[in-house]
Amino acid sequence: MKRVEPVKVALLGCGVVGAEVTRLLHEQAADLTARIGAPLELVGIGVRRPGRDRGGLPVDSTLFTADVLSLVKRDDVDIVIEVVGGIEPARTWLVEALTRGKGVVTANKALLAEDGPTLHDAAADGGADLYYEAAVAGAIPLLRPLRESLHGDRITRVTGIVNGTTNYILSAMDDSGASFAEALEQATSLGYAEADPTADVEGFDAAAKAAILASLAFHTRVRAADVYREGVTEVTAADVASARAMGCTIKLLCIAERGPGNGTGPGSVSVRVYPAMIPRNHPLASVGDAFNAVFVEAEAAGQLMFYGRGAGGAPTASAILGDLVAVARHRLAGVRAASESAYADLRIRPIGEAWTRYHISLDVADRAGVLATVAGVFAKHNVSIATVRQSGRDEDAVLVIVTHMAQDAALAATVAELRELDTVRAVAGVLRVEGE
Ligand code: NAP
């Protein structure tokens, strides 16, 4: 039989994800060879500390190097897998690889959301494949369906739970009535939250993923800076109880939604991340623990739900290897995948133009006329009230108001004016309501 030359792979990063990539490459070598039509050969591993004990990984220790740029430039490297993370030096390495025509597989959501166009341009210049399934929602096959399977359809909305840490925290608050601080402590002790949880709890991680999803779904370049973002640190046990009373639960949602254009324009896209109440019968409400799920609505396909493990070494490595097989097969066939699709170039709508509903809790004195004064503020901003619920009496009354759909700018202006009223002691909580 004719001997087929191996496809040579450089792995950049050998931490939580990279170590699992080496393990799967080793354990599944025979199947991968059969699926690709040629063996894969790991020819170098770029890390920060090449001499570090890697605890029995199935790789030759001489493969490790700290000179990552030289590894990327090697003529015998066909494909670069990047699982280091961060903007630099990863961007320099990947641009170098792509412009030299090497296929790239990366899990680096931060880089793709911050400066994806630079990578896509380098891929176009070098005629190279750029795959990044692992960058959003870990093991869940999601980007390939958006960038291939749904290309004959028109996506109208993508709503996702794409951060496992915050989903664990909000699920724990919902299950046990715990405060945010208690639930975060629990998440940290179980290894779901990092020592510095800022990127997760302030919504930066979800915003990066929202930018990537919106770019693919709406054929428009969307960067992390275009995404409106609120984290979960202000969500209180009282908010969770109030959601429960309404038949809702609170989730950190990423929402990317097609909308109208400016007059005759081609349309617009709104991309936002915030904690919101969703009805308990919504498909995303039952996504508990640290799981991820993404709900896609398209004109012809209707509603689709993608669900699974959004992080962790092995699930993320599964997505990386799927991409690796695709890129390796393209190399053998002498083809590449379709390049970035950003032809629609839709206008990015500011948050003020988003249509949503608000759930507002007000601490008020239980006096005659208070409700009329509060209702007057809503009417002034053309925001219609759906329900009003009052609990407590005298100096401890709490008024919970849920609005109908209105533009976020009008809802925000209503809340700002409520804060100024003498009869309102405090605006105790403001949450958006989605998914109805
Ligand atoms: P990690 O455990 O911190 O590993 C990072 C690796 O990169 C380490 O091997 C480290 O080398 C190497 N590295 C860091 N800075 C370097 C530098 N300047 N030069 C050379 N090597 C450097 O990270 P991870 O959790 O595997 O995540 C990797 C990527 O996957 C990130 O983009 C992350 O967002 C993405 N991702 C992770 C998950 C997950 O569940 N962990 C899920 C989805 C996506 P040393 O080993 O020598 O320190």
_Any residue in the range 54-71 that is within 19 Å of R23 (Cβ to Cβ) sitting within a Cβ distance under 6 Å of a residue that is more than 9 Å from the ligand (Cβ to nearest atom) and of a type in the set (A, V, I, L, M, F, W, C)? List the pairs, counting only those 6 or more apart or interchain._
none
*Answer with yes or no whether T249 is more than 23 Å from E340 (Cβ to Cβ), in the same structural domain as S179 (by TED's automatic domain parsing) and either assigned to a strand (DSSP E or B) or among the acidic types (D, E) (or both).*
yes
*Collect the residues in the range 118-138 that are part of a helix (DSSP H, G or I), within 14 Å of S341 (Cβ to Cβ) and within 15 Å of the ligand (Cβ to nearest atom), keeping them in residue-number order.*
none
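Condition test on E88, is it within 21 Å of the chain's Cα centre (by Cα) and free of Cβ contacts under 8 Å to residues at least 24 places away in the same chain? Walk me through how you get there before you give the answer.
Details: within 21 Å of the chain's Cα centre (by Cα): yes; free of Cβ contacts under 8 Å to residues at least 24 places away in the same chain: yes.
When the stated conditions are applied, E88 passes them.
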*Among the numbered conditions (1) in contact (Cβ under 8 Å) with a residue 40 or more places away in the chain; (2) at positive phi, tell me where D363 comes up short.*
(2)
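Among the strands (runs of 3 or more DSSP E) confined wholly to the range 265-318, which include 3 or more residues that are small (G, A, S)? It would help to see each step written out before you state the result.
Numbers: elements: 268-279, 291-298, 302-309.
The qualifying strands (runs of 3 or more DSSP E) are 268-279.
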*asked:* As an exercise: evaluate D115 against (1) assigned to a helix (DSSP H, G or I); (2) surrounded by 24 or more Cβ atoms within 10 Å (Cβ to Cβ); (3) away from the ligand (no atom under 13 Å from the Cβ) and give the number of the one condition it does not meet.
replied: (2)
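Tally the residues that are more than 10 Å from the ligand (Cβ to nearest atom), in a helix (DSSP H, G or I) and surrounded by 15 or more Cβ atoms within 10 Å (Cβ to Cβ), restricting the search to the range 34-70. Break it down into steps so the answer makes sense when it comes.
Let us first name the residues in the range 34-70 that are more than 10 Å from the ligand (Cβ to nearest atom), namely 34-44, 53, 55-63, 70.
If we keep only those that are in a helix (DSSP H, G or I) as well, we get 34-36, 61-63, 70.
With the extra rule that they be surrounded by 15 or more Cβ atoms within 10 Å (Cβ to Cβ), the set shrinks to 36, 63.
Residues meeting the conditions: 2.
Could you please find all residues in the range 396-413 being without any contact (Cβ under 8 Å) to a residue 40 or more places away in the chain and either outside the structural domain of A428 (by TED's automatic domain parsing) or closer than 15 Å to N382 by Cα (or both)? Lay out the reasoning, then the answer.
First, the residues of the range 396-413 that are without any contact (Cβ under 8 Å) to a residue 40 or more places away in the chain: 396-399, 410, 413.
A410, A413 - these are the residues of the range 396-413 that are without any contact (Cβ under 8 Å) to a residue 40 or more places away in the chain and either outside the structural domain of A428 (by TED's automatic domain parsing) or closer than 15 Å to N382 by Cα (or both).
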_Unique match (being touching a helix residue (DSSP H, G or I) at 6+ places or on another chain (Cβ under 9 Å), among the hydrophobic types (A, V, I, L, M, F, W, C) and modelled with pLDDT under 95) among A225, A237, A195, A207_ = A195
*Condition met for L332 (of a type in the set (A, V, I, L, M, F, W, C), part of a helix (DSSP H, G or I) and in contact with a Leu (Cβ under 6 Å, 6 or more places away or on another chain))*: no
*Would a scan of the range 90-104 turn up a residue that is hydroxyl-bearing (S, T, Y), within 15 Å of the ligand (Cβ to nearest atom), at pLDDT 95 or above and farther than 20 Å from A328 by Cα?*
yes
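Picking from V294, V222, which residue would you name as being touching a Cys at 6+ places or on another chain (Cβ under 9 Å) and closer than 30 Å to P117 by Cβ?
Working: V222 fails: touching a Cys at 6+ places or on another chain (Cβ under 9 Å).
Among V294, V222, only V294 is touching a Cys at 6+ places or on another chain (Cβ under 9 Å) and closer than 30 Å to P117 by Cβ.
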*Residue pairs meeting the criteria (Cβ under 8 Å; at least 6 apart or on separate chains; first within 16 Å of R329 (Cβ to Cβ), in the range 16-42; second away from the ligand (no atom under 14 Å from the Cβ) and among the polar types (S, T, N, Q))*: P39/T33; L40/T33
*Since G15 meets every condition but one in (1) surrounded by fewer than 16 Cβ atoms within 10 Å (Cβ to Cβ); (2) more than 12 Å from the ligand (Cβ to nearest atom); (3) not hydrophobic (A, V, I, L, M, F, W, C), which condition does it not meet?*
(2)
*Within the range 211-246, can you find the residues that are over 18 Å from P275 (Cα atoms), surrounded by fewer than 24 Cβ atoms within 10 Å (Cβ to Cβ) and either among the small types (G, A, S) or in the same structural domain as L399 (by TED's automatic domain parsing) (or both)?*
A225
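Here's the yes/no breakdown for (1) under 18 Å from the mean Cα position of the chain (by Cα); (2) at pLDDT 95 or above; (3) within 30 Å of R23 (Cβ to Cβ); (4) within 16 Å of the ligand (Cβ to nearest atom):
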residue	(1), (2), (3), (4)
N262	no, no, no, no
V294	yes, yes, yes, yes
L304	yes, yes, no, no
G312	yes, no, yes, yes
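The values are calculated or read from the model by the stated rules, or taken from the named source; none is laboratory data. Quick caveat: nothing in here was measured; it's all calculated off a predicted structure. Counting neighbours? That spans all protein chains shown, and the Cβs are built from the backbone with ideal geometry, glycine included.
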